[in-house]
Amino acid sequence: MPNPKPETRHSKQVEDPPILYHPSYSTYTFGPNHPANPHKREKLLKLFDALGTPISYIEPELATDEEILTVHTSEYMHCVASASSLSWAPGYLRFGLDTDDVPIFPNMDEAARIQVGGTLLGARMIAEGKAPRVLQFGGGFHHAMPARASGFCIYNDLSIAARYFKSQGLRVAYIDIDVHHGDGVQWVHYREPDILTISLHESGRYLFPNTGFVHEQGEGEGLGASINIPLEQHTDDASYLEAFDRVVPVALERFKPDVLLIAAGVDTHFRDPLAHLILTTQGLESLFNKLIALSDQYTNGRALFAQSGGYDDLASIRAWTILIHTLRGTAYPEELPASFIEEILPEFGADALPLHDQPGDRPSILDKEVMMATNRETVDAILERFSGDEG
Ligand SMILES: [Zn+2]
């Protein structure tokens with residue numbers, strides 16, 4: 001009797017949009033007490049199975065040395081490799097390794113490389129015209145510097161993808177909606193005029209990495225190609241989307257990108273334990289729709305979404321479910337299926353779960369007027385700079 005073919009998620013058939021993922025993404029783990037939980041993605045796969053719309057993903061390969069070296073120094077890459085085999089090497093701390101944010105762990109080099117491989121595969125698929133939009137169901141390590149790990153990030157997959165797009169003659173607009181400033185990506189491309197970086201984030205006055213102010217605009221030939229929208233604590237859907245609408249379309253109109261590269265972190269959600277913006281799933285859905293519309297308007301639909309941060313499991317799983325349905329252009333369920341709730345939710349301690357936040361879920365804000373006014377002043381300062389550039 002012939003052996004039955006093994007069940008595999010790996011699919012040669014391209015889903016719309018293609019989703020890039022590898023089971024070994026979950027080996028990127030700093031341990032059970034670290035806020036970055038790598039198992040959320042596995043739960044999300046189970047959820048889509050329960051919804052009857054399973055995710056068939058394409059598995060990337062490890063990024064090569066050559067690819068890593070387009071952004072990182074060889075000294076740093078070799079230090080990550082020795083940390084990976086847990087062989088002691090001098091200078092871990094100098095490279096930001098063996099710290100509270102980036103502890104060393106076995107095989108960390110491979111764990112980081114497979115996710116770089118995913119983001120790069122997405123970039124290749126877009127550049128080669130195989131798919132306009134791709135979701136890299138991992139990656140988004142926007143804090144990693146050329147020679148320093150930082151903020152849970154080892155290799156900067158986003159900058160590596162941006163450099164790849166650039167090598168293919170494409171102008172890249174990087175849009176970072178993660179709640180933390182995309183500092184690694186900004187500094188890597190700070191002098192590059194053909195890579196625009198836009199980051200919306202909780203202001204560095206309150207939150208790691210304490211950068212991303214309006215005056216950080218790029219340097220030399222890159223002057224003007226770095227845009228920061230630092231937002232007040234307790235920024236809500238309305239104020240966030242207003243800031244986005246006032247700045248991002250104008251910036252894209254001026255820059256004329258060929259492709260959007262998006263760090264689609266969902267740690268702006270009000271449940272997120274690491275930050276203090278209070279977006280809801282409804283606000284995130286609007287934001288995802290706006291990004292898709294902007295890619296249709298400015299880049300012929302070309303957009304690479306990478307996952308980035310999200311530290312509340314329930315909020316992240318729901319937000320990513322909405323993102324995937326939005327990218328697929330399919331309707332999503334109002335309630336998560338009972339089989340998922342029974343299997344997955346007991347460990348979350350909830351017994352029913354609407355997909356969207358419900359009225360009253362979000363805490364009320366005391367300083368709403370001040371928050372809105374301050375965010376408006378920030379946006380005014382950015383727009384004033386735009387008109388100054390033209391004059
Ligand atoms: Zn983040």
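The values are calculated or read from the model by the stated rules, or taken from the named source; none is laboratory data. Bear in mind that the values here come from a model prediction, so they are computed numbers and not experimental data. Here Cβ is always computed from backbone atoms with ideal geometry, including for glycine, and neighbour counts include all displayed protein chains.
Would you check if there is a residue in the stretch 267-278 being β-branched (Val, Ile, Thr), in contact with a Lys or Arg (Cβ under 8 Å, 6 or more places away or on another chain) and within 13 Å of Asp237 (Cα to Cα)? Taking every residue of the stretch 267-278 in turn, at least one turns out to be β-branched (Val, Ile, Thr), in contact with a Lys or Arg (Cβ under 8 Å, 6 or more places away or on another chain) and within 13 Å of Asp237 (Cα to Cα). Filtering the stretch 174-195 to residues that are part of a strand (DSSP E or B) and out of contact with any Ser or Thr (no Cβ under 7 Å at 6 or more places or on another chain) leaves Ile175, Ile195.
Would you call Ile160 β-branched (Val, Ile, Thr) and within 24 Å of Glu42 (Cβ to Cβ)? So Ile160 does not fit the description; no. Filtered by the rule that a residue be within 16 Å of the ligand (Cβ to nearest atom) and of a type in the set (Phe, Trp, Tyr), the stretch 255-277 gives a lone residue, Phe270. Restricting Leu366, Leu261, Leu274, Leu345 to residues that are part of a helix (DSSP H, G or I) and aliphatic (A, V, I, L, M) narrows the list to Leu345.
So that you can scan it fast, the table gives a plain yes or no per residue for (1) buried (at least 20 other Cβ atoms within 10 Å of the Cβ); (2) of a type in the set (Phe, Trp, Tyr):
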position: Val214; (1), (2): no, no
position: Gly218; (1), (2): yes, no
position: Ser239; (1), (2): yes, no
position: Phe244; (1), (2): yes, yes
position: Val248; (1), (2): yes, no
position: Leu252; (1), (2): yes, no
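Which one is nearest to Phe95 (Cα to Cα), of the residues in the stretch 146-177 that are within 16 Å of the ligand (Cβ to nearest atom) and of a type in the set (A, V, I, L, M, F, W, C)? Here the answer is Ala149. Scanning the stretch 296-310 for any residue that is small (Gly, Ala, Ser), on the phi > 0 side of the Ramachandran plot and away from the ligand (no atom under 16 Å from the Cβ) turns up at least one such residue.
Suppose the filter is within 16 Å of the ligand (Cβ to nearest atom) and within 25 Å of Leu120 (Cα to Cα); does Leu252 pass it? Taking the combined requirement at face value, the residue does not satisfy it.
Screening the stretch 234-249 for residues that are away from the ligand (no atom under 16 Å from the Cβ) and assigned to a loop (DSSP other than H, G, I, E, B) and picking the one that is nearest to Arg318 (Cα to Cα) gives Asp236. Filtering the stretch 224-233 to residues that are out of contact with any Leu (no Cβ under 7 Å at 6 or more places or on another chain) and within 16 Å of the ligand (Cβ to nearest atom) leaves Asn228, Pro230, Gln233.
Looking across the stretch 1-38, the residues that are surrounded by fewer than 11 Cβ atoms within 10 Å (Cβ to Cβ) and either touching a strand residue (DSSP E or B) at 6+ places or on another chain (Cβ under 6 Å) or modelled with pLDDT of 70 or more (or both) come down to Gly31, Pro32, Asn33.
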